1. Checking understanding here: applying a Kyte-Doolittle mean of at least 1.6 and a length along the axis of at least 27 Å (C-alpha), which whole DSSP H helices in chain B pass?
2. Would you look at the GNM of chain B, springs on alpha carbons closer than 10 Å, and say which of B:Leu409, B:Leu60, B:Leu291 moves the most?
3. Among A:Leu393, A:Leu67, A:Leu157, which one moves the most in a GNM of chain A with springs linking Cα atoms closer than 10 Å?
4. Mind jotting down the three principal axis lengths of the range A:141-262 based on Cα atoms? Whole angstrom, largest first.
5. With a 10 Å cut-off between alpha carbons and a GNM built on chain B, which of B:Arg152, B:Arg118, B:Arg34 moves the most?
6. Distances from B:Ala149 to the same residue in each other copy, label points 7 Å out along Cα→Cβ, in nm, shortest first?
7. Over the Cα atoms of the range A:182-325, what is the Rg over Rh ratio if Rh follows Kirkwood?
8. Given label points at 7 Å from Cα along Cα→Cβ, what nm distances, shortest first, separate B:Val285 from the same residue in every other copy?
There are 2 protein chains.
Amino acid sequence: MHELAGIIKQAIEQEANGDVTSLIENLSPAELARVLEALQSPLRLPLWAQVPTAQKGEVLLELHGDLLTTLIENTSEDELVDSLSAIQMDELADLDEYLPISVVNAMVAAMDVQRRQRYAAVKLYPDDTAGGLMDIDATAVRADVSLKAVLRYLRKLRQKEGELPEHLDSLMAVDRNNKFLGMLPLSNLVSYDLQTTVGEALVDCVTSIKPLTSAKEVARVFEDQDLLSAPVLDDNGVLLGRITVDDVIDVMRDQAERNFLGRAGLEKHPDMFAPVLNSSLKRAVWLGINLITAFAAAWVIGLFEASIEKVVALAILMPVVASMGGVTGSQTLTLVTRGIALEQIGSSNVWRLLSQELVIGSINGLFWGAVVAGIAIVWFGDWTLGLIFAMALVVVILTGAVSGTLIPLGLKHLGIDPALAGGVVLTTATDMVGFFAFLGLATLVLI
Amino acid sequence: MHELAGIIKQAIEQEANGDVTSLIENLSPAELARVLEALQSPLRLPLWAQVPTAQKGEVLLELHGDLLTTLIENTSEDELVDSLSAIQMDELADLDEYLPISVVNAMVAAMDVQRRQRYAAVKLYPDDTAGGLMDIDATAVRADVSLKAVLRYLRKLRQKEGELPEHLDSLMAVDRNNKFLGMLPLSNLVSYDLQTTVGEALVDCVTSIKPLTSAKEVARVFEDQDLLSAPVLDDNGVLLGRITVDDVIDVMRDQAERNFLGRAGLEKHPDMFAPVLNSSLKRAVWLGINLITAFAAAWVIGLFEASIEKVVALAILMPVVASMGGVTGSQTLTLVTRGIALEQIGSSNVWRLLSQELVIGSINGLFWGAVVAGIAIVWFGDWTLGLIFAMALVVVILTGAVSGTLIPLGLKHLGIDPALAGGVVLTTATDMVGFFAFLGLATLVLI
């Protein structure tokens with residue numbers, strides 16, 4: 001992508017618009033979005049000007065944050081209305097908070113009654129719920145008609161609408177009250193005898209997704225059951241809409257991004273080439289939080305100023321203790337955070353897990369304690385120091401194991417995502433305990 | 001899942017087999033796999049014994065590592081052959097390295113010619129390539145026939161085979177030499193006029209996936225183009241097989257897992273309830289690697305033993321310097337690692353990126369430098385110490401920015417995944433430079 005971005009950059013700088021047009025001609029909207037992100041800010045608007053109106057809507061859907069806002073601001077309202085007229089209702093609902101209200105109004109005004117109803121239905125639910133992901137299903141069929149009739153209906157629908165909905169892999173079957181009965185995969189529609197009724201060709205669908213089911217849960221259901229699409233039903237089993245796997249893939253990618261970036265205190269969809277002042281500010285917050293925890297550790301060290309003055313080796317070795325505690329803790333933390341996300345950890349097995357992590361911690365603490373004691377004895381020629389070092393290592397590794405298990409569970413209980421905040425809280429704990437154990441033991445024994 | 005695991009655990013302990021059977025009756029294979037993982041080892045085999053043979057194959061596909069091996073060892077060969085007879089060829093190829101060779105042989109012997117050919121074709125390619133993901137396409141159609149003929153063919157195929165392949169959303173159209181011409185979505189098949197030929201109802205497919213394209217790249221193509229399935233073609237455009245979106249979702253999940261776990265030195269698919277000695281050993285390696293980097297930092301501190309002896313405040317403040325460097329570095333590292341994975345960073349923009357990170361680092365370094373200087377001056381009443389502290393902070397934050405940019409690019413160049421190894425290398429760099437800058441400056445000025 002960056003090679004292509006490099007070539008496009010050159011073409012823009014040489015103002016060779018024809019070249020730019022042909023370079024982007026065959027790119028998918030997502031690929032175009034990536035090229036825009038890989039370009040430095042001053043080159044983005046000239047490229048945007050070359051994107052055909054018909055594609056702009058789909059490209060905007062793939063963008064986020066400041067870049068999205070900038071591009072929208074630099075597109076005329078008429079062009080926005082044109083470029084967005086073809087996108088799906090659930091997608092429009094994701095984007096509309098970024099659009100000028102006049103554009104949204106113009107688009108709603110231009111919708112036919114059916115589209116307007118579908119838009120209103122999607123807007124009822126938050127973006128990160130099944131209701132926000134679903135599209136209203138325009139292709140539900142009655143269970144008592146024959147497949148032949150369904151095929152005739154679909155042919156008519158296509159003649160009327162131009163094409164069938166995207167990613168249509170199955171039809172939803174309903175009764176006369178729009179109550180969901182099952183899914184009719186197109187592969188059944190094309191392979192069963194034409195006289196069969198829809199009801200006879202249905203596959204059962206054990207999955208029940210409610211409009212307020214979280215997007216995360218929807219993704220899990222799709223993964224677990226290898227679905228291509230699934231119905232969204234209200235409490236009475238009435239069909240509200242359909243979620244397709246492409247929406248779910250977006251949810252999965254978002255979640256993975258969030259976990260990956262969140263641990264470094266970065267927000268989702270960062271813009272590598274955002275204005276630096278902007279980026280500096282966003283990152284400063286995380287540095288500030290970290291500074292507080294670092295000074296908490298420094299404060300613990302400060303308590304033992306007198307001891308360090310007498311035995312400087314303590315200052316040399318103390319980062320080793322803290323770091324081993326941090327590593328042990330982050331291993332357990334990662335494992336437990338994953339277990340929580342997969343819903344494999346709960347009251348039925350948390351004690352078992354904790355005791356097991358303590359055993360693992362003890363084994364590794366004793367082993368590495370012996371190793372570091374050996375190193376310290378050789379380095380400083382001081383048996384007592386070596387022994388204290390080893391004991392502190394055991395203490396901090398066990399602290400890591402306990403914090404790594406309990407911190408994510410505690411955060412989860414408080415409604416905070418452990419994947420985001422777990423690391424900082426853990427490091428604060430292991431650093432403080434590590435320094436305290438090592439310097440405290442040394443003060444008791446050596447000083 | 002853990003609540004269910006808890007209930008199942010009770011039922012197993014009470015030896016209420018009937019209850020167990022009814023509890024697991026409606027679970028999908030993936031859900032069953034998760035319950036098995038959430039159970040402690042001694043309860044897993046009793047549950048496994050209650051899983052119907054027909055489901056065991058699909059469940060095994062969702063499992064990994066030691067648990068997978070244990071369950072296979074505790075299933076009779078006949079039952080394995082029975083339970084695996086219905087799974088897809090690409091899936092069998094993923095699993096067969098774990099199976100006893102006699103089971104694999106029995107399965108191959110029981111295959112008809114067509115299935116045996118498909119199995120052989122998949123085995124040609126590594127698991128993490130398009131060739132390893134694809135299934136041989138049994139439903140290719142010729143472009144010159146009418147849709148009516150296709151429908152007739154599919155109905156016959158179903159009568160013969162019992163059902164059509166899973167996740168069939170489109171048919172691949174080929175010429176008489178099996179050269180790929182385009183995809184016929186089932187939604188076109190059911191909505192176009194019956195007299196239309198396949199060739200007229202095709203959608204173009206700009207995606208060209210080769211059998212040796214990496215699974216990661218395949219996932220990106222699916223994401224970017226919102227595909228449900230895609231053809232795998234050889235260099236001459238001949239159709240080799242089809243990849244479906246459910247395989248791609250598995251790849252995405254695996255990748256996300258690997259990134260999440262790899263940073264803590266954990267392997268993919270960890271078993272929370274594996275025997276502790278096993279787990280201890282696996283984690284010990286990462287602790288050992290970390291110990292080396294921690295001692296490297298300790299060695300740097302050791303160089304300045306005399307200075308610390310004179311000014312103990314140095315020992316108190318030095319972890320703050322190292323930690324701020326580490327945080328800055330890991331922010332940049334995360335951003336750059338992501339950019340590399342998305343192919344947005346390359347020679348065309350790496351210098352621009354580096355200079356930008358340096359500007360962001362300078363802004364944050366100066367700001368937080370002033371803050372920490374203030375704290376140090378108030379704490380220790382020493383203006384010079386405060387100034388040195390601030391300068392060291394600027395140095396280490398800039399080091400973090402540079403290392404965060406160059407380390408992942410360097411690792412990538414060496415063929416090492418930056419998402420896995422980046423963190424350790426970075427911390428080593430920022431720790432050593434941080435301690436050296438702070439203690440070195442202090443030695444020059446204060447001592």
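Just so you know, all these numbers are worked out from the coordinates, no wet-lab data involved. Since this is a predicted model, take the numbers as computed values, not measurements. Methodologically, a virtual Cβ is constructed for each residue, glycine included, from the backbone with ideal geometry; neighbour enumeration extends over all protein chains shown.
1. Helices passing the filter in chain B: B:383-413, B:418-446.
2. Between B:Leu409, B:Leu60, B:Leu291, it is B:Leu291 that shows the largest mean-square fluctuation.
3. Residue with maximal mean-square fluctuation among A:Leu393, A:Leu67, A:Leu157: A:Leu157.
4. Taking the Cα atoms of the range A:141-262, the three principal extents are 54, 32, 24 Å.
5. In this elastic network of chain B, the residue with the biggest mean-square fluctuation among B:Arg152, B:Arg118, B:Arg34 is B:Arg152.
6. The answer, with the shortest distance listed first, is 3.2 nm.
7. 1.31
8. Label-point distances to the other copies, shortest first: 3.8 nm.
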